[in-house]
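No lab work stands behind these numbers, since they all come straight from the coordinates. Note that the structure is predicted; figures quoted are calculated from it, not measured. Please note: Cβ atoms are built from the backbone with ideal geometry, for glycine as well, and neighbour counts cover all protein chains shown.
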Amino acid sequence: MAITLNNGFQMPIIGLGVWRMEKKAIKDLIIESIKIGFRHFDCACIISFQNSLAFTNFDIVFTKCLMFCAADYKNEAEVGEALCEAIKTGLLWNTDHGHVVEACKHSLKKLQLDYLDLYLVHFPISIRHTGDSSLPPLINVPLDEDGVLDIETNISLETTWHAMEDLVSMGLVRSIGISNYDIFLTRDCLAYSKIKPAVNQIEIHPYFQRESLVNFCQKHGICVTAHTPLGGADANTKRFGTVSCLDDPILKGIAEKYKKTVAQIVLRWGIQRNTVVIPKTSKSERLKENFKVLEFELAKEDMDVIQAIDKSYRSNIQPAKFWGIDLYA
């Protein structure tokens, strides 16, 4: 099951996120996920693009992001080993907004690829260029003397986007997209773009449904990908002190009705909104459960019930907590 992007390429509607996975476990987990049927892998700095390369005769989907990553993955080598030559991760940070082509070529060299199928501007912000794209997240975070993210004021998002478009014309990238853009930033991108963004990747889950933004993107032909589709679950509760929608009694009741897990109900809800979902798990049994969301459907009345529990509640609050600034303000 896939969504067709506005340029004709397809993206599987469910993927696997690998943030915070242990290095030792990731190779076997990815191999197993491919056998189960996953073809879309979200490595945050590499996210979901359909690749002409194959791994054990499978067509696989990955994505590469132009981003300043909020997570300290440090498992890219293990992802690369698991996917053989299909993916060996390089990182392109928001510190490279003014060096897009250079950074992309650097990443392609590390990935041992001729092109990327999807490249995303992960955060709508440019920060001071450090000149070192090899540093992992949370280390390559230039702060000013007040301990606040050192934001560049001479590089606009429009400039960054036109550089992204150049990657397409150069044959380095097939599709380009955005991430963590609100309606107004998305509208601006549509206004100045020659190549329309194919994807907007944003936090979405039953407690943070973002109906207006989802509708706006879909109306204008932009595929919406839901990161943190389970609300961050225990990981975000421990990391940020946020509440998980997986504990919601209404969702638990719907799960009991369908004889499914709450996570399966939440993922299926996302899919039936025609959004791509990229849940993270490091457990084999959860992998299988997540993929089985393609095997059932929620009734309209249950979709309506879930719609009613929206709290406009963001669970992924990393920038405000660690960067000294609320990028979502």
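Quick one: Cα centre-to-centre distance for the range 171-198 and the range 252-329, in angstrom?
25
Can you list, largest first and rounded to whole Å, the semi-axes you get for the range 192-329 by taking the square root of 5 times each eigenvalue of its Cα gyration tensor?
Taking √(5λ) for each Cα gyration eigenvalue gives 24, 20, 15 Å.
How high is the relative contact order of the range 213-303, in percent, with contacts defined as C-alpha pairs under 8 Å that are six or more residues apart?
29
Enumerate the amide H contacts of VAL224 below 5 Å, restricted to partners 5 or more residues apart or on another chain; note that Pro and chain-start residues carry no placed amide H.
Here the answer is ASN200, VAL276, since their amide H atoms fall under 5 Å of that of VAL224.
Cα-Cα over 27 Å: which of LYS260/LYS283; LYS219/LYS259; LYS27/LYS292; LYS105/LYS196?
Exceeds cut-off: LYS219/LYS259.
From the backbone phi of the range 247-256, what are the Karplus-calculated ³J(HN,Hα) couplings (6.51 cos²θ - 1.76 cosθ + 1.60, θ = phi - 60°) in whole Hz, Gly and Pro given as x?
For the range 247-256, the Karplus-derived couplings read 9, 5, x, 5, 5, 5, x, 5, 4, 5 Hz, x marking Gly and Pro.
For the range 151-157, just list the computed ³J(HN,Hα) in residue order, Karplus coefficients 6.51, -1.76 and 1.60, θ = phi - 60°, integers in Hz, with x standing in for Gly and Pro.
So the Karplus estimates, Gly and Pro as x, are 7, 6, 10, 10, 10, 8, 5 Hz.
Using amide H atoms built 1.01 Å from N in the peptide plane, name the residues 5+ places from GLY15, or on other chains, whose amide H lies under 5 Å from its own.
Those lying under 5 Å, H to H, from GLY15 are VAL277, ILE278.
If amide hydrogens are placed 1.01 Å from N in the peptide plane, which non-local residues have theirs closer than 5 Å to the one on SER179?
Long-range HN contacts for SER179: VAL121, GLN201.
Report the charge-dipole magnitude of the range 180-296 in Debye, nearest 20, computed about the Cα centre from +1 at each Lys and Arg Cβ and -1 at each Asp and Glu Cβ.
The calculated dipole for the range 180-296 is roughly 280 debye.
Give a residue-ordered list of calculated ³J(HN,Hα) values for the range 164-177 (Karplus: 6.51 cos²θ - 1.76 cosθ + 1.60, θ = phi - 60°; whole Hz; x for Gly, Pro).
The phi angles translate into 4, 4, 4, 4, 5, 5, 7, x, 7, 9, 8, 10, 10, x Hz.
Calculate, in nm to one decimal, what LYS311 and GLU152 gain on full extension: separation in residues at 0.36 nm each, minus their alpha carbon distance.
So the extension gain works out to 53.9 nm.
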